[in-house]
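Colleague: Quick one: the structure is below, and I'll ask about it shortly.
The values are calculated or read from the model by the stated rules, or taken from the named source; none is laboratory data. Just so it is clear, the structure is predicted and the values come from calculations on it, not from any experiment. Note: ideal-geometry Cβ built from the backbone for every residue, glycine included; neighbour counts use all protein chains shown.
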Amino acid sequence: MTLEVSKGDGQRLDAFLASELPNLSRSRIQSLIKEGHILLNETEVKARASLKSGDVISIEIPEERPAAPQPQDIPLSVLYEDDDIIVINKAAGMVVHPAAGNEDGTLVNALLHHCSGQLAPEGGESRPGIVHRLDKDTSGCLVAAKTNSALKHLVHQFSERQTSKLYLCIAQSPPKEAHQTVFNNIARHPVHRQRMDVCNPGAGKPAITDLHLLHTATDGTSLVLCALHTGRTHQIRVHNRFLGHPLLGDPIYSKPARQVFKASRLMLHAWRLGVTHPKSGEWIQNEAPIPEEFGPWCDEVTERLDQIRLIKDSREFDALW
């Protein structure tokens, strides 16, 4: 649905839409703008954006979701659990929380059953206990909170970059540098809504990734260890593509015809996750077993991976390099 502004009188975007779409409340309109479902001239803007004559507003209203997810008996791989938190090895292909098109069968549904409903409600109606997310096709470590106090503590850790997040990925070609840091801004692509992209300074949000080449196979495909210092949507996938070597099996950021190895899944795994326990203050380091699909590359560097494992606090793993 599109609307064209006929009179450019400096009216706010949300106020204009409230008059044009009487079936939607102004708060609902503001939420749609914030979530990127309403674009002004194909660009994400804020609700207070000023309109002018000739502006085109694109509107996409997602389907309404069920108010509250229901428990479902879905098998989980639990890495750590106590009365405050639970750490899961999320399977590739599992969506973290209900959303349009994925109303059930998610990690939240599985956690509600496993934890007998004991998940922090302040995570949100559709995402109780959820502190951070992994892409649907990414496997590996994910921590959830059972209490509101644990949720607040963990959210603070992630926002203040006090956690440790190490990922393993397989790139379609070797990085030009063995060790490098990417520091730029990432925002939603203005046209392709499923994609994120590197943008100019001043737009988007800062994204920082350390990349370490571990092994390159004879076909050029490469095992890369990534340390995340921020947690932007698709960050590792975007940064590897930005450097010219998108990940194998990536349905959004790679071109299958250019990949010499046909992967059965997105080759990205959240390998190790370190957080401070919200109650005890103890550093908790969890590791999700490396999927068998990564074997052809990881089997070549078992000693290197074991060296990394020896470091209990993976915030200090840079000492290896």
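Colleague: For segment 8-21: of the residues being surrounded by fewer than 14 Cβ atoms within 10 Å (Cβ to Cβ) and farther than 14 Å from residue 59 by Cα, which is modelled with the lowest pLDDT?
Modeller: The first filter runs over segment 8-21 and keeps only residues surrounded by fewer than 14 Cβ atoms within 10 Å (Cβ to Cβ), leaving 8-10, 19-20.
Next, from what is left, pick out any that are farther than 14 Å from residue 59 by Cα: 8-10, 19.
Details: 8: 63, 9: 73, 10: 83, 19: 84.
Taking the candidates together, the pick is 8.
Colleague: What are the residue pairs meeting all of these: first residue in segment 93-113, first residue at pLDDT below 90, second residue in a helix (DSSP H, G or I) and buried (at least 22 other Cβ atoms within 10 Å of the Cβ), Cβ atoms under 7 Å, and 6 or more apart or on different chains?
Modeller: Qualifying pairs under 7 Å: 98/108.
Colleague: Moving to a separate point now. Is it fair to say residue 83 is touching a residue at least 24 places away in the same chain (Cβ under 8 Å), out of contact with any Phe, Trp or Tyr (no Cβ under 8 Å at 6 or more places or on another chain) and over 30 Å from residue 290 (Cβ atoms)?
Modeller: Numbers: touching a residue at least 24 places away in the same chain (Cβ under 8 Å): yes; out of contact with any Phe, Trp or Tyr (no Cβ under 8 Å at 6 or more places or on another chain): yes; over 30 Å from residue 290 (Cβ atoms): no.
Spelling it out, it is not the case that residue 83 is touching a residue at least 24 places away in the same chain (Cβ under 8 Å), out of contact with any Phe, Trp or Tyr (no Cβ under 8 Å at 6 or more places or on another chain) and over 30 Å from residue 290 (Cβ atoms).
Colleague: Could you tell me which residue of segment 237-259 is surrounded by the fewest Cβ atoms within 10 Å (Cβ to Cβ), considering only residues that are under 17 Å from the mean Cα position of the chain (by Cα) and not in a helix (DSSP H, G or I)?
Modeller: 251
Colleague: If we scan segment 68-79, do we find a residue that is under 24 Å from the mean Cα position of the chain (by Cα) and over 30 Å from residue 264 (Cα atoms)?
Modeller: Scanning segment 68-79, I find at least one residue that is under 24 Å from the mean Cα position of the chain (by Cα) and over 30 Å from residue 264 (Cα atoms), so the answer is yes.
Colleague: Let me ask you something else. Have a look at 210, 219 and point out the one that is touching a helix residue (DSSP H, G or I) at 6+ places or on another chain (Cβ under 9 Å) and surrounded by fewer than 20 Cβ atoms within 10 Å (Cβ to Cβ). Walk me through how you get there before you give the answer.
Modeller: Values: 219 fails: touching a helix residue (DSSP H, G or I) at 6+ places or on another chain (Cβ under 9 Å).
The match here is 210.
Colleague: Next question. Can you name the residue in segment 87-103 that is among the hydrophobic types (A, V, I, L, M, F, W, C) and in a strand (DSSP E or B) and, of all such residues, is nearest to residue 61 (Cα to Cα)? Talk me through it step by step, then tell me what you get.
Modeller: Keep residues of segment 87-103 that are among the hydrophobic types (A, V, I, L, M, F, W, C), which gives 87-88, 91-92, 94-96, 99-100.
With in a strand (DSSP E or B) added as a condition, the list becomes 87-88, 99.
Values: 87: 34, 88: 33, 99: 13 Å.
Here the residue is 99.
Colleague: Of all residues in segment 241-251, how many are touching a strand residue (DSSP E or B) at 6+ places or on another chain (Cβ under 9 Å) and either without any contact (Cβ under 8 Å) to a residue 40 or more places away in the chain or over 15 Å from residue 216 (Cβ atoms) (or both)?
Modeller: 5
Colleague: For segment 266-321, which residues satisfy the criterion of being part of a loop (DSSP other than H, G, I, E, B), without any contact (Cβ under 8 Å) to a residue 60 or more places away in the chain and charged (D, E, K, R)? I'd like the intermediate steps shown before the answer.
Modeller: So the first thing to find is which residues in segment 266-321 are part of a loop (DSSP other than H, G, I, E, B), and the list is 266-267, 277-282, 288-291, 311-313, 321.
So of that shortlist, the ones also without any contact (Cβ under 8 Å) to a residue 60 or more places away in the chain come out as 280-282, 311-312.
Of everything in segment 266-321, those that are part of a loop (DSSP other than H, G, I, E, B), without any contact (Cβ under 8 Å) to a residue 60 or more places away in the chain and charged (D, E, K, R) turn out to be 282, 312.
Colleague: Quick check on my filter: what residues within segment 163-194 are surrounded by fewer than 18 Cβ atoms within 10 Å (Cβ to Cβ) and touching a helix residue (DSSP H, G or I) at 6+ places or on another chain (Cβ under 8 Å)?
Modeller: If the condition is that a residue be surrounded by fewer than 18 Cβ atoms within 10 Å (Cβ to Cβ) and touching a helix residue (DSSP H, G or I) at 6+ places or on another chain (Cβ under 8 Å), then 184 is the only one that fits.
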